[in-house]
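Just below is one structure, and these are the notes that go with it.
The values are calculated or read from the model by the stated rules, or taken from the named source; none is laboratory data. Note that this is a predicted model, so its numbers are computed, not measured. Here the Cβ positions follow ideal geometry from the backbone for every residue, glycine too, while neighbour counts run over all protein chains shown.
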Amino acid sequence: MASASYHISNLLEKMTSSDKDFRFMATNDLMTELQKDSIKLDDDSERKVVRMILKLLEDKNGEVQNLAGGLLVNFHPSILSCLLPQLTSPRLAVRKRTIMALGHLVMSCGNLVFIDLIEHLLTELGRNDNMSTTRTYIQCTAAISRQAGHRIGEYLEKIIPLVVKFCNVDDDELREYCIQAFESFVRRCPKEVYPHVPTVISICLRYLTYDPNYNFDDEDEDDNYSDDDDMSWKVRRAAAKCLDAVVSTRHEMLPEFYRSVSPALVCRFKEREENVKADVFHAYLSLLKQTRPAQSWLADPDAMEQGDTPLTMLQSQVPMIVKALHKQLKEKSVKTRQCCFNMLTELVNVLPGALTQHIPVLIPGIIFSLNDKSSSSNLKIDALACLHVIMVTHPAHAFHAHVPALVPPVVACVGDPFYKITSEALLVTQQLVKVGGSDSFDPSPYINDLFTCTIRRLKAADIDQEVKERAISCMGQIICNLGDRLPAELPGTLLIFLERLKNEITRLTTVKALTLIAGSPLKIDLRPVLPDAVPILASFLRKNQRALKLCTLAALDILLRNYNSAVTPVMVDAVLAELPPLISESDMHVSQMALSFLSTLAVTHPSSLSQLSGGNIMQQLIALVRSPLLQGGALAAMLDFYQALVSTDTPGLGYMDLLRMLTGPVYSQSAALPHKQAYCSIAKCVAALTRACPTEGPAVIACDLKTVILDAFSSSSEEVKSAASYALGSIAVGNLPEYLPFVLQEISSSKRQYLLLHSLKEIISSASVSGLKPYVESVWSLLLKHCECQEEGTRNVVAECLGKLTLIDPETLLPRLKGYLLSGSSYARSSVVTAVKFTISDQPQPIDPLLKNYLNVRRVALVTFNSAAHNKPSLIRELLDSVLPQLYNETKVRKELIREVEMGPFKHTVDDGLDLRKAAFECMYTLLDSCLDRIDIFTFLNHVEDGLKDHYDIKMLTFLMLARLSSLCPSAVLQRLDRLVEPLRATCTTKVKANSVKQEFEKQDELKRSAMRAVVALLTIPEAEKSPLMSEFQSQISSNQELAAIFDSIQRDSSSANMESMDTS
């Protein structure tokens, strides 16, 4: 005995060695020793061994780590055999601890140990010797499911019938544990529990109303009835929590929930037990959160018209919800009222405007909480936040009748000593001012109260920053909407704004408030403060705060427009001095705002522009025109500015002067332009100048356009050819009778069809429908002649023309398109499918109802399907059941499409099916955003799993999908985690051959980074780290220097991105 202890303490000493081989051998020897039956350790030695093993689990060397883990695994069977008898201990506390211990054991034990445990539980539950132990076994099953749901899933078929049986036993405590077990199955084993969800819902609905000792219909009952022996409330609470779990995890059953679960929950808002009531409200909140429409639905005007969608079903239940909440808003319980406000807030977030008819019923309830002396601070904050959201999402006229009742309590809250209440109340005050400033309402009786409470907060210097900012915004709104009724108070208030403008903390909010006031239709007199304010605003343009620059430029622009007589040349010069650094390609949005300001200046103060000639601003402008980044809004602002500038007739900045500045580098041999985009921008600026000067322009352009453009088609430069075809199309739009027949004739007779078809595409895209109608038939027949062209590029342009032409007369042309789908030529079929893709846009079109029936030329069909899923999900939602199997079929690798090509001495493998698979995976990615509720997520995950082992391009796509899925349906991903980790680990540990080309190394690095992003996303799922394979992979990452560096940098990026999104929100 003593020698064994001595030997083991010797091994423990070696385990602390700095040499990893010593540590490894000592751990291995300890493993051998502990497996001997003869070994008996005293308490002290046991403690030392356990402590050392735990220390080695964090060893820097991976092999030592794995061995220490193996050591622990050896103990699992003996731990289990010690714990199982304790489940029948006469002491309940011991049973409780045993359940916790088993919960931790199943997270890491081997499969055989897990099977032994489950078999034991099933046998004991089947025997059902006595109620007390049956309760314990049900609790234990629920605990195992919570800790290792991904492992217990396959046994649910045997477990659930037993649990359902015990629900019918007349024992409230057992019922509570059974329903808790259902909740853990629903959350942790979503796939396996799926067939049993209807059973679980019906049990929960039955026990949600289970209150045998109370009769709601009996008026004589005492409201405060309470029975200490009554445990039925625990059953009701468990049922509410279980429904919450079902609603949160089964998005695809939303219509069913609105039919059965929603009315049942609303009826239980009257629950007498406060804790149960809170859980009922929470379950309904989860239902509303699941219903909140995705962006694609909001952008899709047809989505709401599709029969019984969750949103329309919720809309029809709003009166019932309001009726139930109306009673609860006057309850004594603070917790209940808080739940009501949270519910209303979420309801209007899901369905803005839904409460318009019910405002008269709800306002008294909100006012009750604001006036009630027993209301807590949090309740008042929630009541104000709820009122604010309702006022923002509903029309102003709905509140006109309630302003007299709302003003006194809100004003009292603005004066509340607690800053958070003041802050929320100021937001509501701002909305009240908007309501008061709307037409057909006389705000006179309330102006004084609103102004007085806001000015008191505006003047206070020693208050919270949020209150300061909201007081400034609120006062800005008061002056903007009601300033004409406050002549005496106005000058003093504007001086306070001036003070706030000088303060670094409040200056941004003050600039926004001044912008609001300057844009007011009441034409507020700002002359007293402008001489001081404009120089301060000018100084903000050199500050290093982007939001401040943008807001300041907007403020200066509106001051110029509305107060041009009060803005003196000296003020303008102060601003112009700050502008040159702002006009640069480093920030296009700021440049755009600066250009808009200059355009306004050209209209209001043309004389001030004389100093631009030869100055820094013109140099910056010319540099920006030559930038390859100039496009979109900034380019439009640039064109507006040139037109405004040339119209001012400023000396040195006339038409010819500007033309020379712009075109100088194009014609000079010495200075070539850095980028081709610059030529395009310069051309657009010249065109804008020429339009603004119709008398001088024609002198510069005097030639026969048709000849010039057709000559350009023969140019050696591809860019010139492309520009010529675009120009011909754009010119024709302005004069269809002259140019369209010319283009059609050239397409029929010329060999330059590809370029001419591009011109035709431009005409069809840009011309008016009425202008094109007479030519539709001739254009259509011409296009059909070319839709079987061998050249894919030409077929694509023809298809785009056909698609856009179909939009002009869908009733006639779409059936014709469908007819060509039966064509024998695969080229013609692919052209037709591509054409359908171009009929789908993100804007509503008359063709949308007809398109439903036109959803094989496979890759093109997939691209079209992807376009529909992205822009108009309502077209495909009902077809998904039949389309998804075909889509998944296209994600499989096909051996028959893989061939070997000999390139000199080398053999090169070519996969002709790759583009097809890539298009299919792109469709799957799009469906995640628009149709998640119509997808069986586990089938979807099977194909994602296959994609993780596919080609480089497809791996990159599936890594993105995995990251997306981790946030959209974490519980499903968690169940599959072990199968997903393996391909990720394989990608991260693959090494490129040393003699490979540079691109191979770059590709592998990019793959590793993408895989690591997916790993970081997976680790955001709660409990993902508990997976043995995941934790092993994590330790592998941390022990590999290169992978650890990538992992850390991605984690830093994701956390900073989260911070940024919080800032912008």
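With respect to (1) more than 38 Å from the chain's Cα centre (by Cα); (2) farther than 21 Å from LEU658 by Cβ; (3) part of a helix (DSSP H, G or I); (4) not β-branched (Val, Ile, Thr), the lone exception for ASN564 is condition (3).
Evaluating SER591 against the criteria (1) more than 22 Å from THR510 (Cα to Cα); (2) of a type outside the set (D, E, K, R); (3) at pLDDT below 90 leaves one unmet condition, (3).
For the range 1-21, the tally of residues that are surrounded by 15 or more Cβ atoms within 10 Å (Cβ to Cβ) and either modelled with pLDDT under 75 or not β-branched (Val, Ile, Thr) (or both) stands at 6. Within this structure, THR133 passes the test of being touching an Asp or Glu at 6+ places or on another chain (Cβ under 8 Å), among the β-branched types (Val, Ile, Thr) and on the phi < 0 side of the Ramachandran plot.
For the range 999-1031, the candidate set comprises residues that are part of a loop (DSSP other than H, G, I, E, B) and either charged (D, E, K, R) or modelled with pLDDT of 80 or more (or both); within that set, the residue that is surrounded by the fewest Cβ atoms within 10 Å (Cβ to Cβ) is THR1020. Scanning the range 37-65 for residues that are farther than 13 Å from ILE8 by Cα and either of a type in the set (Lys, Arg) or in contact with a strand residue (DSSP E or B) (Cβ under 8 Å, 6 or more places away or on another chain) (or both) returns ARG51, LYS55, LYS60. Filter the range 523-558 down to residues that are among the acidic types (Asp, Glu) and in a helix (DSSP H, G or I) and give me whichever is farthest from ALA574 (Cα to Cα). Filtering first and then ranking leaves ASP557.
Of all the criteria given as (1) assigned to a helix (DSSP H, G or I); (2) in contact with a Ser or Thr (Cβ under 9 Å, 6 or more places away or on another chain); (3) within 13 Å of LEU1007 (Cβ to Cβ), the one not satisfied by VAL981 is (3).
Here's the yes/no breakdown for (1) within 40 Å of the chain's Cα centre (by Cα); (2) crowded, with 17+ Cβ neighbours inside 10 Å; (3) not in a helix (DSSP H, G or I):
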{"site": "THR707", "(1), (2), (3)": "no, no, no"}
{"site": "SER714", "(1), (2), (3)": "no, no, yes"}
{"site": "ALA732", "(1), (2), (3)": "no, yes, no"}
{"site": "PRO737", "(1), (2), (3)": "no, no, no"}
{"site": "GLN745", "(1), (2), (3)": "no, no, no"}
{"site": "LEU755", "(1), (2), (3)": "no, yes, no"}
{"site": "ILE764", "(1), (2), (3)": "yes, yes, no"}
{"site": "VAL779", "(1), (2), (3)": "no, yes, no"}
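Among residues of the range 554-581 being under 16 Å from ALA513 (Cβ atoms) and aliphatic (A, V, I, L, M), the one that is surrounded by the most Cβ atoms within 10 Å (Cβ to Cβ) is LEU556.
Applying the selection to the range 250-279, what residues are under 27 Å from the mean Cα position of the chain (by Cα), surrounded by fewer than 22 Cβ atoms within 10 Å (Cβ to Cβ) and among the hydroxyl-bearing types (Ser, Thr, Tyr)? Within the range 250-279, TYR258 is the sole residue that qualifies. Taken as a whole, the structure places LYS804 among residues that are at pLDDT 75 or above, under 35 Å from the mean Cα position of the chain (by Cα), assigned to a helix (DSSP H, G or I) and over 30 Å from HIS951 (Cβ atoms). Put simply, of GLU58, GLU46 the only residue that is in a helix (DSSP H, G or I) and farther than 30 Å from THR123 by Cα is GLU46.
Sort out for me the helices (runs of 4 or more DSSP H) sitting completely within the range 402-509 that have 2 or more residues that are aromatic (Phe, Trp, Tyr) and over 38 Å from the mean Cα position of the chain (by Cα).
Output list reads 444-459.
Pairs are defined by a Cβ separation below 7 Å, a sequence spacing of at least 6 or placement on different chains, a first member in the range 679-692 that is buried (at least 19 other Cβ atoms within 10 Å of the Cβ), and a second member that is hydrophobic (A, V, I, L, M, F, W, C) and not in a helix (DSSP H, G or I); the pairs so defined are SER681/LEU630.
If a residue must be in contact with a helix residue (DSSP H, G or I) (Cβ under 7 Å, 6 or more places away or on another chain) and either over 14 Å from ILE709 (Cβ atoms) or of a type outside the set (Asp, Glu) (or both), how many such residues does the range 749-771 contain? Walk me through how you get there before you give the answer.
In the first step, residues of the range 749-771 are kept if they are in contact with a helix residue (DSSP H, G or I) (Cβ under 7 Å, 6 or more places away or on another chain); the result is 750, 753-767, 771.
Imposing the further condition that a residue be either over 14 Å from ILE709 (Cβ atoms) or of a type outside the set (Asp, Glu) (or both) reduces the set to 750, 753-761, 763-767, 771.
Final tally of qualifying residues: 16.
Could you tell me whether any residue of the range 862-872 is of a type in the set (Ser, Thr, Tyr), within 23 Å of the chain's Cα centre (by Cα), modelled with pLDDT under 80 and farther than 19 Å from ALA1014 by Cβ? Within the range 862-872, one or more residues are of a type in the set (Ser, Thr, Tyr), within 23 Å of the chain's Cα centre (by Cα), modelled with pLDDT under 80 and farther than 19 Å from ALA1014 by Cβ.
Taking each residue of the range 530-558 that is within 17 Å of HIS605 (Cα to Cα) and looking for partners that are part of a helix (DSSP H, G or I) and of a type in the set (Phe, Trp, Tyr) with beta-carbon atoms closer than 7 Å, six or more apart or interchain, yields LEU553/PHE597; LEU556/PHE597; ASP557/PHE597. The listed residues are VAL981, VAL992, and the only one of them that is at pLDDT below 80 and of a type in the set (Val, Ile, Thr) turns out to be VAL992. Summed over the range 178-210, the residues that are of a type outside the set (Phe, Trp, Tyr), within 20 Å of SER262 (Cβ to Cβ) and either modelled with pLDDT under 90 or assigned to a helix (DSSP H, G or I) (or both) give a count of 14. The requirement of being outside any helix (DSSP H, G or I), surrounded by 13 or more Cβ atoms within 10 Å (Cβ to Cβ) and among the charged types (D, E, K, R) is not satisfied by ASP29.
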